[in-house]
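Below: one structure, written as structure tokens.
The values are calculated or read from the model by the stated rules, or taken from the named source; none is laboratory data. Because the structure is a prediction, the values reported are computed rather than measured. Virtual Cβ from ideal backbone geometry, glycine too; neighbours counted across all protein chains shown.
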Amino acid sequence: MTKKILLLLGFVLFKFVLQYSLISSDYDLQRDEYLHLDQGHHLTWGYLSVPPFTSWISYIIYLLGNSVFWVKFFPALFGAMTLVVVWKAIEELKGKLPALILGAVCVLLSSLLRLNTLYQPNSFDVLCWTTLYFVLIKYINSDNTKWLFIGAVVFALGFLNKYNIGFLFIGLIPGLLVTKQRKIFAQPKFYLALILGLLLIAPNIYWQIQNSLPVIHHLKELADTQLVYVDRLGFLKSQLFFFIGSFFVIVSGLLALLFYKPFEKYKFFFWSLLFTLAVFMYFKAKDYYAIGLYPIYIAFGAVFLEEQLKNGWKRYLFLVLIVIPMLIFIPMYKVDFPNKSPQYIVSHAKEFQKYGLHRWEDGTEHILQQDFADMVGWKELAVKVDSVAGTLPDLEHTLILCDNYGQTGAINYYTKNKKVIAHSFNADYVNWIPLDKEIKDIILVKEDNDDDKERKREIPIFDTVYLAGKRINKFAREPEISIYVLRGAKVDINKRIKEEMERKKNYQE
């Protein structure tokens with residue numbers, strides 16, 4: 001085994017160790033993670049908010065035991081694979097050991113550490129962006145058309161994971177057209193590869209059409225509730241911090257694409273970045289959507305800087321570039337990860353708020369970061385719902401109905417009660433409510449804590465309505481959640497559920 005391979009394995013191992021050390025046991029899983037895990041129990045070619053790839057991984061996690069270890073393993077794995085792809089890109093660009101070390105450190109100690117803590121489509125999305133760019137480098141260097149077909153498969157996997165990879169394609173086309181690499185469009189096998197890619201994503205496209213294109217509704221809802229708060233200038237500012245420790249390396253890579261003769265054939269990468277960022281800004285995308293753009297430019301920068309700083313005193317400057325990400329990671333470690341308890345963060349609020357980390361997607365300041373608040377109180381909620389369910393005599397005809405997908409998925413993940421699972425009219429759960437059993441009693445989980453209002457609304461429908469418990473946690477994104485019991489239905493509850501399901505589905509269409 002060569003020194004390079006041993007070193008790469010060392011970086012990969014350190015990546016895994018570091019990822020697991022960044023999350024305190026004070027936190028539960030994050031809201032979105034529960035939904036993605038439940039999707040693994042309902043495999044199909046599409047979902048209301050995401051394509052199917054994550055559900056396939058969720059099914060594997062379920063087969064492995066569904067523990068937190070495996071939930072966190074896969075985003076860490078995709079992050080480690082991203083590091084490996086950048087390593088291979090540096091080798092393809094003729095970089096030697098110093099460039100490999102610089103590139104690995106820059107990728108390792110970056111915002112990918114934060115991204116890879118959560119089981120969401122984002123980690124695999126970044127891996128697909130980086131791999132597709134690497135495939136283009138391989139094709140340009142070899143002129144072997146097999147890389148076009150490999151690229152089609154990578155793009156299809158990325159598309160089936162997160163539609164965000166479409167922005168890569170949109171930015172890449174004009175980038176190729178303004179450079180000599182436009183000749184790729186004269187290659188007949190490029191179009192065969194394109195057809196292959198379309199065939200691979202066709203099942204998801206068909207699912208979208210069959211379900212009245214729910215992705216359109218999701219994007220509209222996202223634009224109305226979250227993207228409306230996105231500031232385009234703020235989007236650009238955020239880009240500086242995702243790889244702040246390797247900022248000089250990335251900028252060097254971009255300049256090298258313009259002026260460094262050995263990189264002349266890769267010049268389209270420079271223009272592609274500009275076009276892609278412009279498209280993101282036009283659509284007021286969230287800042288982290290663009291993270292996948294940057295790892296490949298670390299490869300270009302590392303190789304260029306290795307060549308420019310290989311002699312004399314300049315070698316020490318190269319060493320400084322390796323140390324910078326390590327130094328910048330120290331303050332990042334202190335504030336940017338859920339490795340400190342909510343109590344600690346609130347008691348040291350000024351230390352965290354000065355970085356603007358507590359501003360949520362609604363544009364307002366809170367006591368915790370949004371992702372952190374979304375990782376608090378879920379297990380406690382499941383315990384309370386289990387306790388309430390234990391007081392009911394007929395769980396076979398009981399439905400747990402929640403306000404949102406976070407509550408629903410968390411109860412299903414942590415519950416000890418296997419006789420009844422939680423459902424909701426929110427997100428994909430609207431398609432999974434059981435209609436084949438008679439419902440007599442309901443356990444209602446609601447963030448709304450107006451007790452009298454709830455009782456007045458449900459009393460005409462049930463014999464008994466009462467507040468059975470509350471989960472109160474000031475650190476949680478939903479500080480107060482009420483748990484009601486609705487017993488003895490006076491009407492056909494199944495019919496009511498069907499009507500509500502149709503109403504929600506029509507709204508989503």
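Return yes when residue 110 is more than 28 Å from residue 248 (Cβ to Cβ) and assigned to a loop (DSSP other than H, G, I, E, B) and no when it is not. Taking the combined requirement at face value, the residue does not satisfy it. All told, residue 117 meets the bar of being within 20 Å of the chain's Cα centre (by Cα), outside any helix (DSSP H, G or I) and over 21 Å from residue 47 (Cα atoms). Does residue 139 satisfy the criteria of being in the same structural domain as residue 282 (by TED's automatic domain parsing) and modelled with pLDDT of 95 or more? Yes. Just one residue in the set 166, 197, 171 is surrounded by 15 or more Cβ atoms within 10 Å (Cβ to Cβ), free of Cβ contacts under 8 Å to residues at least 60 places away in the same chain and either under 20 Å from residue 129 (Cα atoms) or not aromatic (Phe, Trp, Tyr) (or both); that residue is 197. Within segment 225-274, the residues that satisfy the criterion of being free of Cβ contacts under 8 Å to residues at least 24 places away in the same chain, among the charged types (D, E, K, R) and not in a loop (DSSP other than H, G, I, E, B) are 237, 261, 264. Taking segment 169-183 as the range and being over 15 Å from residue 140 (Cβ atoms) and either among the small types (Gly, Ala, Ser) or not assigned by TED's automatic domain parsing to the domain that holds residue 130 (or both) as the test, only 171 passes. Would you pick out the residues in segment 347-361 that are surrounded by 12 or more Cβ atoms within 10 Å (Cβ to Cβ) and either farther than 20 Å from residue 117 by Cβ or free of Cβ contacts under 8 Å to residues at least 40 places away in the same chain (or both)? Hits for segment 347-361 are 348, 349, 351, 352, 353, 355, 357, 358, 359, 360. A single member of 94, 4, 15 is under 15 Å from residue 115 (Cα atoms) and of a type in the set (Lys, Arg), and it is 15. Scanning segment 289-333 for residues that are of a type in the set (Ser, Thr, Tyr), under 30 Å from residue 351 (Cβ atoms) and out of contact with any helix residue (DSSP H, G or I) (no Cβ under 7 Å at 6 or more places or on another chain) yields a count of 1. Consider segment 292-326 and keep the residues that are hydroxyl-bearing (Ser, Thr, Tyr) and under 13 Å from residue 86 (Cβ atoms). The one that is farthest from the chain's Cα centre (by Cα) is 297. Any idea which residue in segment 463-495 is nearest to the chain's Cα centre (by Cα), counting only those that are of a type in the set (Val, Ile, Thr) and assigned to a strand (DSSP E or B)? Among those that are of a type in the set (Val, Ile, Thr) and assigned to a strand (DSSP E or B), it is 481.
Please work out which residue is nearest to residue 405 (Cα to Cα), limiting yourself to segment 6-61 and to residues that are charged (D, E, K, R) and out of contact with any helix residue (DSSP H, G or I) (no Cβ under 6 Å at 6 or more places or on another chain). Restricting to residues being charged (D, E, K, R) and out of contact with any helix residue (DSSP H, G or I) (no Cβ under 6 Å at 6 or more places or on another chain), the top hit is 32.
Taken over segment 3-26, the criterion of being at pLDDT 95 or above and closer than 15 Å to residue 378 by Cα is satisfied by no residue. Looking across segment 392-420, not a single residue is among the β-branched types (Val, Ile, Thr) and in contact with a Pro (Cβ under 9 Å, 6 or more places away or on another chain). Restricting attention to segment 328-346 and to residues that are within 20 Å of the chain's Cα centre (by Cα) and assigned to a loop (DSSP other than H, G, I, E, B), the residue that is surrounded by the most Cβ atoms within 10 Å (Cβ to Cβ) turns out to be 338. Note on segment 120-159: residues that are of a type in the set (Phe, Trp, Tyr), over 15 Å from residue 80 (Cβ atoms) and in contact with a Phe, Trp or Tyr (Cβ under 8 Å, 6 or more places away or on another chain) total 4. Within segment 275-327, the set of residues being of a type in the set (D, E, K, R) and part of a helix (DSSP H, G or I) comprises 287, 306, 307, 314, 315.
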